[in-house]
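Undergrad: Handing you a structure now.
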Amino acid sequence: MKSKVKLAPDQKIIVYYFSGTGNTQIIAKKIVETFNSKGFTATLINIENVTTISIGNSDVIGIGFPIAGFSTYPIVFDFLQKIDTVHGNYAFAFDTMGGTSLWGIMGKLKTILANKGFRTLGFEEFKMPPNLFVKFPENSRRTRVEKGLRRAEDFVNNLIAGDLSWNRIPIVSEVMYRLSHALFSITEYKWHQKILKMKVDTTKCNACGICSSKCPVKNIIVQEKAVIGDHCQYCFRCVGVCPSKAISGIASPRSLHYLAEGAQF
Ligand SMILES: Cc1cc2nc3c(=O)[nH]c(=O)nc-3n(C[C@H](O)[C@H](O)[C@H](O)COP(=O)(O)O)c2cc1C
Ligand code: SF4
Ligand code: SF4
C-alpha cells in the first residue's frame, strides 16, 4: 500500500547511513542531493560519527545500510536501538546489496521503527556491484552504479509524491530476519573470527595505519604490522582501503578489494 503522504520543502530531513565499502554512501549522498535540489533541507550523517541522536529536530529521517547475510550489520542495529521514541515523525529506509536481501530486514526494520513511534513512508533496495566473492568487470560495475543513482533520484521523487510503500511480508520477514540474526550472532565467537575474519599479508603490510583509522569498530591495531582483532563485523572496508592490498578474507579474494568509486572514508 502506498504511503500517500506528500512531503513539503519545509520539512527537515536527515539521512543516516552506514556503508562498509561505499555503495550505500554514494546512494545516500544522491538521495540527499536530490532532496536539496528540490528545495528541501536534507543532511547526510554517517552513523559511525553519531554520539547522540536528536530525531526531534528532523521531521523525516532516512536510514541506509548494506545488506549483509540477508540482514545488516550489528552497528546498524546498535544505532537503531539508540533512537528515542518519537511521536509520528516520518521515516524511510533503503539498502544496497549485491544480489538479494530475501526481504527479511525490510519487515523487521518497519516493526522496529513503528514501535518507536515513526510513520513509515517507503523502503527501497538498490542492487550495486557486490563487494564480496566476485569482481564484476568494470562496465558492469559502472552500469549498476549508474542505474542505482538514477533509481535513487526516482526514490526521492516518489517519496515526495507519497507514491511509495514499505511492505512487510508476514512470516517471510520474520523467518529471514531470525535466520540472518542467528548467522551474525555466531560471528562473535572466537572460532568464527579465527576462521573468517580478515587476514593480513605481513609481507605486503607497511604499517601505514590506514586500515586501523578507517575500521568502523576499531578492530585493527598497527604496531610493526596490522593486526586484526576478534570483533570484526565483516564490512570489508579494510580490504578496500589498504593501499598495499595486504588484507583479504575467505569471501574477499585478493583480486577483489572493492571500494565504490567516489566514496570517501
Ligand atoms: C559479509 C557480507 C555479506 C553480504 N551479504 C549479502 C547478502 O546477503 N545479500 C546481498 O545481496 N548482498 C550481500 N553482500 C553484498 C553487499 O550487500 C553489497 O555489495 C553492498 O552494496 C555493500 O554496501 P557498502 O559498500 O555500502 O558496504 C554482502 C557483503 C558482505 C561484505
Ligand atoms: S592499510 Fe594495509 S599496509 Fe597499511 S597498515 Fe593496514 S594492512 Fe598494513
Ligand atoms: S576489521 Fe576490516 S572488515 Fe572487520 S570491521 Fe574492521 S574494517 Fe570491517
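The values are calculated or read from the model by the stated rules, or taken from the named source; none is laboratory data. Values in this document were obtained by computation on a predicted structure and should not be read as measured data. Cβ sites come from the backbone with ideal geometry, for glycine too, and all protein chains shown count toward neighbours. Note: accessible area is taken over every heavy atom of the protein model, side chains too, but ligands, DNA and RNA are not part of it. Shrake-Rupley method; radii C 1.70, N 1.55, O 1.52, S 1.80 Å.
Undergrad: Could you give me the residue pairs with C-beta distances under 6 Å whose first residue belongs to region 20-49 and is under 18 Å from F126 (Cβ atoms) and charged (D, E, K, R), whose second residue is modelled with pLDDT of 95 or more and open to solvent by 10 Å² or more (accessible area, probe 1.4 Å) wherever it lies, and which are 6+ apart or on separate chains?
TA: Hits for this filter: K30/L149.
Undergrad: Can you tell me which residue in region 19-57 is modelled with the lowest pLDDT, limited to those that are within 16 Å of ligand 3 (Cβ to nearest atom) and within 19 Å of D84 (Cα to Cα)?
TA: Restricting to residues being within 16 Å of ligand 3 (Cβ to nearest atom) and within 19 Å of D84 (Cα to Cα), the top hit is N49.
Undergrad: Out of all the residues in region 214-254, which are within 9 Å of ligand 2 (Cβ to nearest atom), out of contact with any Ser or Thr (no Cβ under 7 Å at 6 or more places or on another chain) and of a type in the set (G, A, S)?
TA: Matches in region 214-254: S244, A246.
Undergrad: Are there any helices (runs of 4 or more DSSP H) wholly within region 134-229 with 1 or more residues that are charged (D, E, K, R) and within 16 Å of ligand 3 (Cβ to nearest atom), and if so which?
TA: Answer list for region 134-229: 190-196, 210-214.
Undergrad: Looking only at region 27-46, count how many residues are open to solvent by 20 Å² or more (accessible area, probe 1.4 Å) and within 23 Å of V217 (Cβ to Cβ).
TA: Total satisfying the criteria: 4.
Undergrad: Please enumerate the residues belonging to region 218-254 that are crowded, with 16+ Cβ neighbours inside 10 Å and away from ligand 1 (no atom under 11 Å from the Cβ).
TA: N219, I220, V222, A226, I228, C238, V241, C242, S244, A246, I247, S248, listed by residue number.
Undergrad: Also, I was wondering about something else. What residue, among those in region 153-200 that are among the hydroxyl-bearing types (S, T, Y) and surrounded by fewer than 13 Cβ atoms within 10 Å (Cβ to Cβ), is nearest to T43 (Cα to Cα)?
TA: S185
Undergrad: Just checking, which of I31, I13, I27 is assigned to a strand (DSSP E or B) and not acidic (D, E)?
TA: I13
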